[in-house]
2 protein chains.
Amino acid sequence: MRNTILSHRSIRKYKPDSIPEKILEDILRSGIYASTTGNMQLYSMVVSKEVEIRKLLWEVHFKQDMVLQAPVHITFCADFNRFNLWCRLRNAEPGYGNFLSFFTAAIDALLVSQNISLAAEYHGLGICYLGTATYNADRLIEILNLPRQVVPVAAIVMGYSDENPGTTDRLPLEAVLHKEKYRNFTDELIDEIYRLRESSEQTKQLLELNKKETLAQIFTDNRYTKKDNEFFSTKYLEVIRKQGFLEPENLT
Amino acid sequence: MRNTILSHRSIRKYKPDSIPEKILEDILRSGIYASTTGNMQLYSMVVSKEVEIRKLLWEVHFKQDMVLQAPVHITFCADFNRFNLWCRLRNAEPGYGNFLSFFTAAIDALLVSQNISLAAEYHGLGICYLGTATYNADRLIEILNLPRQVVPVAAIVMGYSDENPGTTDRLPLEAVLHKEKYRNFTDELIDEIYRLRESSEQTKQLLELNKKETLAQIFTDNRYTKKDNEFFSTKYLEVIRKQGFLEPENLT
């Protein structure tokens, strides 16, 4: 377990080999053991293997090669649809058309996704999360026929690795750990936390390639810009609303 | 790994024994190996052990005994504060005052929380997620001194178990698994999915205790009511806005 967690790295090149059904089922089953709110299991996972569907998904995910290469694509959704159907069949009136219910279901789905990612890695497979699942959630809803009260919150590709990258560098633990209460960061502490990453060979190459002065500028100006974030925010909130999770009174 | 995942159950009674520092650090370190968006590590974890702070947290979490019993309480936060400080020190202008950025950081924090929960269980500890972290996020912000662009998304307690509950029953895999695309549920399939849970001895006792006709009604009328959900939705959205993640233009 410990080794599986510590040796995680995202895999972005895959062999065409398919995943044996038994192994895939074992991995998917690992998902359902994650904690979920009130044991309601407010999530679903859509496992897509057909090439035609993966081609559509590849477009959703900004045409990243790995989406076509990896034999399995899983979309994790916050899902109140099944729970609502059950309630209505049992003479109970569901009241889940609100943001808290969406977020609660999103938590369920995300814990499940991490169980599945670790179980896949335990079985010798590689995975990569696709951040674009929230960017283009509207398209995922169309392609995967997601009904009301189902919203994609994450997606991963899964398959046998065709590369051997090192583990990703991480900030030192103190960057993310606060004892008892949140401590303020001094400028000196920020410098110290980012020192190793900023002085790496990889960063130097990135700065040259992008003609930027600092690594932070590559994030704010190129990778995660205000303009894109605002565009996709509006779009994702619209999806959440259209899927029935934002009543007007929550937004005033 | 596989056994750790499959034997998960939430622990709600704890021994007073503290967790050895080395083990706790090993568990916390497991968190940082989770995938994060663009390797930005947009999360923080606040580890509270002092009794005075845990008493305040106990009130936040609706005075559940386990919060006082368990020696460790961890609050997982969507966190752009540290990243923003870094950007500003590096002549880069962060554009993360929007919902997408909040949700992206929330994903990071939740994957980390699941790594930590599994690592704790691997070390023989018990954990329990506290859904109340989103309900009373405003109080957590006060108690833990969380700055702008930091929002609690989950909390767990952790410690040595003082009970031996069975693993929680789960719906069959087909309840949450969709192949290629989302399939519709017929009434018959819903009946089948919920049959085992509804016919259990535990359910019969619950129905009698709550004087309800169906298990679903215990969820809609008692545990997760429309009124509560709407109240806490408004409150949580207000927290997200106050912490700087909802610009007015996202909400029109």
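Total buried accessible area between A and B, probe 1.4 Å, nearest 100: 10900 Å².
Does the range A:129-202 come out rounded, prolate or oblate by the C-alpha gyration tensor, with a ≥ b ≥ c the root eigenvalues, rounded set by a/c under 1.5 and, if not, prolate when a/b is larger than b/c and oblate if not? Oblate, since a/c reaches 1.5 and b/c is not below a/b. Ligands, DNA and RNA left out, the accessible area of the protein assembly as shown computed with a 1.4 Å probe is 49% carbon and sulfur. Other residues with beta-carbon under 12 Å from the beta-carbon of A:K179 carry, at +1 per Lys or Arg and -1 per Asp or Glu, a net charge of -2. Here the Gaussian network model covers chain B, with springs between Cα atoms less than 10 Å apart; of B:T186, B:T37, B:T134, B:T186 fluctuates the most. Computed from the C-alpha gyration tensor, the three semi-axes of the ellipsoid equivalent to the range A:101-252 are 32, 23, 19 Å, from longest to shortest. About its Cα centre, the range A:154-252 has a charge dipole of approximately 260 debye under the convention of +1 per Lys or Arg Cβ and -1 per Asp or Glu Cβ, with nothing else charged.
When A:Y160, A:Y96 are compared by accessible area of protein heavy atoms, the largest-first order is A:Y160, A:Y96, using a 1.4 Å probe. The residues of chain B present an accessible area of 41 Å² per residue when probed at 1.4 Å with all protein chains retained. Overall shape: oblate for the range B:71-187, with the ratio a/c of the largest to smallest alpha carbon gyration tensor axis at 1.5 or above and b/c at least equal to a/b. When chain A is treated as a Gaussian network with alpha carbon springs shorter than 10 Å, the biggest mean-square fluctuation among A:K227, A:K181, A:K55 belongs to A:K181.
Positive contributions from Lys and Arg (+1) and negative ones from Asp and Glu (-1), summed over other residues with Cβ under 14 Å from the Cβ of A:L118, come out at +1. Each stretch of four or more DSSP H residues adds -39500 (n - 2.57); spread over every residue of chain B, this sum gives -13500 deg cm²/dmol at 222 nm. The order of B:R82, A:R9 by accessible area, most exposed first and with a 1.4 Å probe, is A:R9, B:R82.
For the protein assembly as shown, the Cβ-based charge dipole about the Cα centre amounts to some 0 debye (Lys, Arg positive; Asp, Glu negative; other atoms uncharged). For the protein assembly as shown, what class follows from the C-alpha gyration tensor (a ≥ b ≥ c being the square roots of its eigenvalues): rounded when a/c is under 1.5, otherwise prolate if a/b is larger than b/c, else oblate? Rounded, since a/c falls under 1.5.
For the range A:172-187 versus the range A:63-133, the spacing of their alpha-carbon centroids is 31 Å.
Can you give the angle from 0 to 90° between the axis of helix B:21-31 and the longest principal axis of chain B, with both taken from C-alpha atoms, to the nearest 10? Approximately 90 degrees, to the nearest ten. Seen from B:L89, the other residues with C-beta closer than 13 Å to its C-beta sum to a net charge of -3, counting Lys and Arg as +1 and Asp and Glu as -1. A 1.4 Å probe over all protein chains sorts B:R148, B:R2, B:R197 by accessible area into B:R148, B:R2, B:R197, starting with the largest.
Taken residue by residue and averaged, Cβ atoms of other chains lying within 10 Å of the Cβ of A:227-235 number 6. Using a Gaussian network model of chain B with C-alpha springs under 10 Å, which one of B:H61, B:H178, B:H73 is most mobile by mean-square fluctuation? Of B:H61, B:H178, B:H73, the most mobile in the Gaussian network model is B:H178.
The values are calculated or read from the model by the stated rules, or taken from the named source; none is laboratory data. Computed from a predicted structure; not experimentally measured. Because the Cβ atoms are built from the backbone with ideal geometry, glycine has one as well, and the counts that use them run over all protein chains shown. Quick note on the areas: whole protein, heavy atoms, side chains included, nothing else; ligands and nucleic acids left out. Shrake-Rupley method; radii C 1.70, N 1.55, O 1.52, S 1.80 Å.
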